[in-house]
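See structure below.
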Amino acid sequence: MNVYGSWAPIPRDKGVNWSRESLDLGSRFSRQVAARFEGEQVRAYAILPRDRESIDVADFSHSAQIGEADLLLGRFLQSLAAAFDGILVVDDDLARRGDPRLEGVSYVDDRVIRWVDLQSAPGDLTRLVRTGASGYPLNAFVCANTGGHAFHPPAGPLSEPDVVLLAGEVRMVIHSIFDTESFLLLVIDDEVNAVLESFAYASE
């Protein structure tokens, strides 16, 4: 456990409101994920310092040092990888279709979608998070179907059924807070929530 902070639950409405603002700036895929909040049980968590009693998203600035936030997120993603076969998806905020040196990526309209297997090294997972975001917005997702496996998006343009399928497999949404000094998680899956609660408890 890092010395700067730990995962802590925050009020659903505060988390969802922050998430919607970020997802609205993303691709059509991100906006489809936002639409799921209406019919899903959503739990919100963020990295907060151990001595911080505030639960206002606006107060998360300087909640953790960037390297420590990455470490905590990477460890949690590693715990998820032990639970099911998923993928980490990033709706790239920095690249657009037609940019040079884009290989093996997927597209939703002109937006770039990057992904790696959740079983990748924790450093590779957090590196992907930083590859596709300038800090805010960051729209990243952990995806897998109810059988514990994930749809692997093909390289190139995604069809509308592919976009719908991928959005339907989202189990958790990841956002950055204040240039990734902290991370916000929106959990919409009981299995992921159980792993997060066990992870947080084990970190005490």
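The values are calculated or read from the model by the stated rules, or taken from the named source; none is laboratory data. Just so you know, these numbers come straight off a predicted model, no measurement behind them. Here the Cβ is made from the backbone with ideal geometry for all residues, glycine too, and neighbour counts use every protein chain on show. Note: accessible area is taken over every heavy atom of the protein model, side chains too, but ligands, DNA and RNA are not part of it. Shrake-Rupley method; radii C 1.70, N 1.55, O 1.52, S 1.80 Å.
Tabulated data for the structure shown
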{"quantity": "Residue ID - least open to solvent (accessible area, probe 1.4 Å), chosen from residues in the range 19-45 that are assigned to a helix (DSSP H, G or I) and of a type in the set (D, E, K, R)", "calculated": "Arg36"}
{"quantity": "In the range 1-17, residue most open to solvent (accessible area, probe 1.4 Å) [restricted to those that are of a type in the set (A, V, I, L, M, F, W, C) and either more than 23 Å from Asp91 (Cβ to Cβ) or at pLDDT below 90 (or both)]", "calculated": "Val3"}
{"quantity": "Filtered residues of the range 153-197 (kept if small (Gly, Ala, Ser), open to solvent by less than 20 Å² (accessible area, probe 1.4 Å) and at pLDDT below 95)", "calculated": "Ser176, Ser182"}
{"quantity": "Tally, over the range 94-121, of residues that are part of a loop (DSSP other than H, G, I, E, B) and surrounded by 14 or more Cβ atoms within 10 Å (Cβ to Cβ)", "calculated": "6"}
{"quantity": "Residue list for the range 138-152, restricted to those being among the β-branched types (Val, Ile, Thr) and either part of a strand (DSSP E or B) or crowded, with 20+ Cβ neighbours inside 10 Å (or both)", "calculated": "Val142"}
{"quantity": "Subset of the range 74-89 [free of Cβ contacts under 8 Å to residues at least 60 places away in the same chain and surrounded by fewer than 23 Cβ atoms within 10 Å (Cβ to Cβ)]", "calculated": "Gly74, Gln78, Ala81, Ala82"}
{"quantity": "Single condition Phe141 does not satisfy, out of (1) over 19 Å from Ser30 (Cα atoms); (2) touching a residue at least 40 places away in the same chain (Cβ under 8 Å)", "calculated": "(1)"}
{"quantity": "Unique match (being within 16 Å of Arg36 (Cα to Cα), touching a residue at least 24 places away in the same chain (Cβ under 8 Å) and outside any loop (DSSP other than H, G, I, E, B)) among Val192, Val164", "calculated": "Val164"}
{"quantity": "Close pairs from the range 90-113: first over 17 Å from Arg127 (Cα atoms), partner open to solvent by less than 10 Å² (accessible area, probe 1.4 Å) and not in a strand (DSSP E or B), Cβ under 6 Å, at least 6 apart", "calculated": "Ser106/Pro153; Val108/Ser27; Val108/Phe29; Val108/Val163; Arg111/Ser27"}
{"quantity": "Search result, residues across the range 122-136 that are part of a loop (DSSP other than H, G, I, E, B) and crowded, with 19+ Cβ neighbours inside 10 Å", "calculated": "Gly132, Ala133"}
